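To keep things clear, I will list the structure first and then write my remarks on it.
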Amino acid sequence: MESDARIRVVIVEDHALTRAGLRTALQGPFDVVAEAADGSTGWEAISRDRPNVVLIDIGIPATDGVTLTKRVRAELPSTHVVIVTMIDLEDDVLAALAAGADAYCLKSSDPERIVEAVRIASEGGAYFDPGIAHVVLSRFSARPSGARLSPLTRRETEILRLISDGLANADIAERLHIGLGTDKGHIRDILEKLSAADRTQAAVVALKKGYI
């Protein structure tokens, strides 16, 4: 895995102030190599600089974020895509995921959350802002899971199902009549087994693989 300082990022965002904010948040831990204000110049920068990760605003002009994401995934499969947007409309979220986006963040998120999304995407993982995780979880839950050999115990699977339902740790502990410390211990084991960064990512991974 490359160190954070070597992760190269391109930002494609049409609002200058938002673009500056994203640059400020990212240029410390990462190397912001280019910026663009629309999809056409964004593709020029991406194809020229071949970044590890590109942040794309879904509503950019010229070429929209979903179309640009599809092109990046088709022509530069080693470049990961983090979608950023002001809104959490279900159609936009699902269109971005269908196009091949690795992560989806709200612009209202804390800068640390966007930094984490870029880091996870650069490592080949998936990240979904908690503000839109319900959209992803509900869509994957609706799909037939198929038979998969799960590395999770029965209790861990039960806890992950409750996480996907939106329950907090304390609520899960109460529902299962276990201590909060025990619940947190199970969650640590779940994150390790699924190579997940947090509860939300673990639930998404489990749903996609058919474990729950």
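The values are calculated or read from the model by the stated rules, or taken from the named source; none is laboratory data. Here the structure is a predicted model, which means the values were calculated and not measured. All Cβ positions, even for glycine, are placed from backbone atoms using ideal geometry, and neighbour counts span all protein chains on display.
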(message) Is it the case, given these coordinates, that residue 11 is touching a Leu at 6+ places or on another chain (Cβ under 6 Å) and crowded, with 20+ Cβ neighbours inside 10 Å?
(response) yes
(request) Examine the stretch 133-143 for a residue that is outside any helix (DSSP H, G or I) and either of a type in the set (A, V, I, L, M) or at pLDDT 85 or above (or both), and state whether such a residue exists. (result) yes
(message) Just to verify a result, which residue in the stretch 183-200, among those that are out of contact with any helix residue (DSSP H, G or I) (no Cβ under 7 Å at 6 or more places or on another chain) and part of a helix (DSSP H, G or I), is farthest from residue 116 (Cα to Cα)?
(response) 185
(request) Take the residues in the stretch 27-65 that are of a type in the set (A, V, I, L, M, F, W, C) and surrounded by fewer than 21 Cβ atoms within 10 Å (Cβ to Cβ), then tell me which one is farthest from residue 119 (Cα to Cα). (result) 62
(message) With the structure loaded, tell me whether residue 116 is modelled with pLDDT of 75 or more and surrounded by 18 or more Cβ atoms within 10 Å (Cβ to Cβ) or whether it fails that test.
(response) yes
(request) State all residues of the stretch 69-95 that are over 18 Å from residue 26 (Cβ atoms), buried (at least 18 other Cβ atoms within 10 Å of the Cβ) and of a type in the set (A, V, I, L, M); if no residue qualifies, say none. (result) 93, 95
(message) Suppose we keep only residues that are in a helix (DSSP H, G or I) and modelled with pLDDT under 90 within the stretch 155-169. Which one would you say is farthest from residue 212 (Cα to Cα)?
(response) 169
(message) Can you list the helices (runs of 4 or more DSSP H) lying wholly within the stretch 28-109 that have 1 or more residues being free of Cβ contacts under 8 Å to residues at least 24 places away in the same chain and under 18 Å from the mean Cα position of the chain (by Cα)?
(response) 90-99
